[in-house]
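The values are calculated or read from the model by the stated rules, or taken from the named source; none is laboratory data. Note that the structure is a prediction, hence the values are computed from the model and not measured. All Cβ positions, glycine included, derive from the backbone under ideal geometry; neighbour counts span all protein chains shown. Just the protein is used for accessible areas: all its heavy atoms, side chains included, with ligands, DNA and RNA removed. Shrake-Rupley method; radii C 1.70, N 1.55, O 1.52, S 1.80 Å.
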Amino acid sequence: MDIQAYIESGIIELYASGALPPAEAREVEAVAEQYPEIKARIRQIQDTLDAYALAHAREPRAGLKQEFLAKFEKENLPPKRKNGLLALGWALAFAGFLLSGMIYFYCQKVEKEREELKLKQIQLENNAQKAIAQLETIAKPDTKYIVLQGMGIAQGKEASLFWNEAQGKAYLSAGSLPPPPPGKQYQLWSIADDIPYDAGLLLPGVANLQSMNEVTKAQAFAITLEIEGGSPTPTLDQMVAMGAISG
């Protein structure tokens, strides 16, 4: 059973509000005994309904009960009919409460979905802006393209780097480098005057170009395999790729 789909179907809200026929209600109870997540959801909705009822409860004004009884006594209705009308009134009031609760939960669900769509839209817009900035840098005539040839565990593999010296921007693609072992992470270094500088960590599992640290001067770039989180200095015997800047 797809538990999440069952929870989102709305049948649990109907059960908790008492709006299901007896046979369907028994089916929900049987499912709840089998799946703790559904049972917990039922309890959550029932608690919310109770809280909603308490929050919207109003103290009847003084004398309302006496006026109500006097009105029915004046009409001289038979006792059974009085009880029937009273029960009908309570039933209508309860039905109104259930309807209000269902509308409340529906509105909450719609609002949650709206917020999720808004966040996704913002994320897509941010990703699009980043992609445009990358393309603008890559397309510049003074942007250099450097191929970092693999060695060691990455022998025969390669990574690609786009670097614009004037802007100090560097974008790296892990290319065909093998995934780092558990607890390890690839780190990029810019080498200027034989001194390595930290140019940033490669995020694992990302195939797209990654924005690296600012690099304003370099004669070469190298990638080493470091402990997860990076290292202040490169581990030279763990170098996996290197590429010199031509021209």
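Numerical summary
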item	result
Solvent-accessible area of GLU113 with every protein chain in place, 1.4 Å probe, in Å² to the nearest 10	90
Nonlocal amide H pairs with ALA192, under 5 Å, H built at 1.01 Å	TYR197, GLN219
Cβ-defined net charge surrounding THR233, 13 Å radius [Lys, Arg +1; Asp, Glu -1]	-3
Dipole in debye (nearest 20) - region 117-236, about Cα centre, beta carbon charges: Lys, Arg +1; Asp, Glu -1	420
Solvent-accessible ranking of SER9, SER17, largest area first, probe 1.4 Å	SER9, SER17
